[in-house]
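Heads up, the thing below is written out as structure tokens.
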Amino acid sequence: MSGTWEFKPYRCVGPLKFGMTVDQVKAILGAPVSSKIANGNITEVRENMKLVYDAPKGKLYCINLRAPTPIAFGGSLLFKEKDPIAFLSKLDKETKEGGGYVNFMGLGLLAGGFGKRRIPEGKLLMAYSKAKLKVYTYFTEV
């Protein structure tokens, strides 16, 4: 991944659009570091990110990004923000917090590891498709 990628709620992160196929993503990013099929999903590991596809259809529905990936939204680089949770909370009042995560449901963005409770992955942002909103509320219920 090179350059800064713009996050657009429920639509895309940079050139990666929800609903893209594995082959379409491969044409943009090249081959992944690794790939596995489990629990009805295809998960690709790439530099500073994981991509998750629905296995039967092979459609992208989650873009999982780790710091220091340069992701821009609302005129800010999210991982460089002093307090990304406060910044995102100004833009989305529809949030749910728990288990080290904050789900910005109006944006389709799950933030983990930014508060007092840490997560094993460090700091991450998971952008997801609107069809998977219910799935991503689970992270805040654990």
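The values are calculated or read from the model by the stated rules, or taken from the named source; none is laboratory data. Fair warning: this is a prediction, and the values are worked out from it, not measured in the lab. Only protein heavy atoms, including side chains, enter the accessible area calculation; ligands, DNA and RNA are left aside. Shrake-Rupley method; radii C 1.70, N 1.55, O 1.52, S 1.80 Å.
One Cα centroid belongs to the range 39-96, the other to the range 4-20; the line between them spans 9 Å.
Note on surface exposure: Y128, Y61 rank Y61, Y128 by accessible area, highest first, 1.4 Å probe.
The portion of the accessible surface of the chain made up by carbon and sulfur, rounded to a whole percent, is 52 (1.4 Å probe; DNA, RNA and ligands excluded). Highest GNM mean-square fluctuation, the chain, Cα pairs closer than 10 Å: which of K36, K93, K116? Largest GNM mean-square fluctuation: K116. Computed over protein heavy atoms with a 1.4 angstrom probe, the accessible surface ordering of K90, K17, largest first, is K90, K17. For P(r) over Cα pairs in 10 Å bins from 0, in percent, several values are listed as [x] 11, 32, 35, 18, 4, 0; [y] 12, 45, 35, 8, 0; [z] 11, 41, 34, 12, 2, 0; flag the one computed from this structure. From the options [x] 11, 32, 35, 18, 4, 0; [y] 12, 45, 35, 8, 0; [z] 11, 41, 34, 12, 2, 0, the structure gives [y].
Of all lysines in the structure, those lying under 20 Å Cα to Cα from K90, and not within fewer than 8 positions of it along the same chain, are K8, K80, K82, K116, K123.
The residues of the chain expose on average 54 square angstrom of accessible surface per residue, using a 1.4 Å probe on protein heavy atoms. Apply the Debye scattering formula to the range 37-83, with a single equal point scatterer on each alpha-carbon and no solvent, then give log10 I(q)/I(0) at q = 0.17, 0.20, 0.23 Å⁻¹. Computed log10 I(q)/I(0) values: -0.58, -0.70, -0.79. Entry note, the chain: the mean residue ellipticity at 222 nm calculated from DSSP H runs of n ≥ 4, each adding -39500 (n - 2.57), is -3500 deg cm²/dmol after division by the residues and rounding to the nearest 500.
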